[in-house]
Amino acid sequence: MIKQAIIPLAGLGTRLLPLTSVFAKELLPINGKPGIEYILDECIDAGIKEVVFIISKKKQMIKNYFYNDNFYKKIIKKKKDPRILKEYQKILKYKKMIKFVYQNKPLGTGDAVLKTRKYIKDNFFLMLLPDDLIIRHNCSKSLIKVHNRYKSSVMASMSVKKKTVSRWGIFKLKKKLDKKNFLVSDVIEKPSLKNAPSNKAVIGRYILSKKIFLKLLKQKPGKGGEIHITDSIQSLINDEEKFIAHNFSGKYLDCGSMNGYIKSTLEIAKL
Ligand code: UTP
């Protein structure tokens, strides 16, 4: 059973400047609700019991958002507004399940994941990248089902336009397992159009084996000088670790770029 999830939140969010110059992008509202709450709701609905947030000192406001008890208590006493009470209870529910670890230098997603090593108890865990919202279908829940069936690592995948491959982690298929699941033979971080083995991209939902930590400990910086989770996944695949690409149902929304963030707000407002 997958009971733990990790969420890297220590990136700089430069693509959303100026919104992110003093504000954490994961707290930006999408139709009146911070983006990170959509991600937490997806985890809860998928049966996750504990979530590890990787933040940085610069993003301390994310922790403050969940630890503002005195403020809420005072306001609730004074105003007796049932809406505020309900919101506070929801935040308390989230707070109970979140642990915080720090990555003070944004050295890459792989380095962020490594910070959670001591917290992961089971052999497999879920990772969600909060810039990637998937609506209308719980992607994490589907990945967990695939994991339970094949007892392997799983990544969410979708086809992207060929000319955009250099923005994604792109993988090569080895074998079709069934209608929605494929065995992966290679995964490459942000390849050039010429070097891309396909137009199948990895989206920010993964079920990873604890073995990834041993790879990350030895992982050298890759593209752009960052330590990428993709490179350690490739290293595990080279050791015959089974990785499945799952073509998820539901609609993908990119909340990490300015255009994407604006579009996501409009899409979610329609739900
Ligand atoms: P991205 O590289 O896509 O986003 O990281 P970013 O760095 O936050 O923003 P840009 O590219 O400057 O606009 C994907 C996810 O991994 C986290 C980010 O917070 C984001 O959720 N991340 C990235 C870390 O936690 N640590 C890192 O060193 C890098």
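Some values worked out for this structure:
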read-out	value
Considering residues of segment 112-157 that are among the charged types (D, E, K, R), within 16 Å of the ligand (Cβ to nearest atom) and more than 30 Å from K263 (Cβ to Cβ) only, the residue surrounded by the fewest Cβ atoms within 10 Å (Cβ to Cβ)	R117
Checklist (1) more than 25 Å from E240 (Cβ to Cβ); (2) in contact (Cβ under 8 Å) with a residue 12 or more places away in the chain; (3) not β-branched (V, I, T) applied to K194, failing item	(2)
Residue within segment 45-66 that is crowded, with 17+ Cβ neighbours inside 10 Å, acidic (D, E) and within 16 Å of the ligand (Cβ to nearest atom) present	no
Among (1) touching a Cys at 6+ places or on another chain (Cβ under 6 Å); (2) farther than 25 Å from K270 by Cβ, the one test that G35 misses	(2)
Residues (assigned to a helix (DSSP H, G or I) and either within 15 Å of the ligand (Cβ to nearest atom) or among the hydroxyl-bearing types (S, T, Y) (or both)) located in segment 81-105	Y88, Y94
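Residue-wise test of (1) in contact (Cβ under 8 Å) with a residue 12 or more places away in the chain; (2) of a type outside the set (D, E); (3) away from the ligand (no atom under 16 Å from the Cβ).
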residue	(1), (2), (3)
S209	yes, yes, yes
I212	yes, yes, no
K220	no, yes, no
K223	yes, yes, no
D231	yes, no, no
I237	yes, yes, yes
E241	yes, no, yes
H246	yes, yes, yes
L253	yes, yes, no
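Since every read-out is calculated from the coordinates, none of them should be taken as a lab result. Please read all numbers here as calculations on a predicted model, not as lab measurements. No Cβ is skipped: glycine too gets one built from the backbone with ideal geometry, and neighbour counts run over all protein chains shown.
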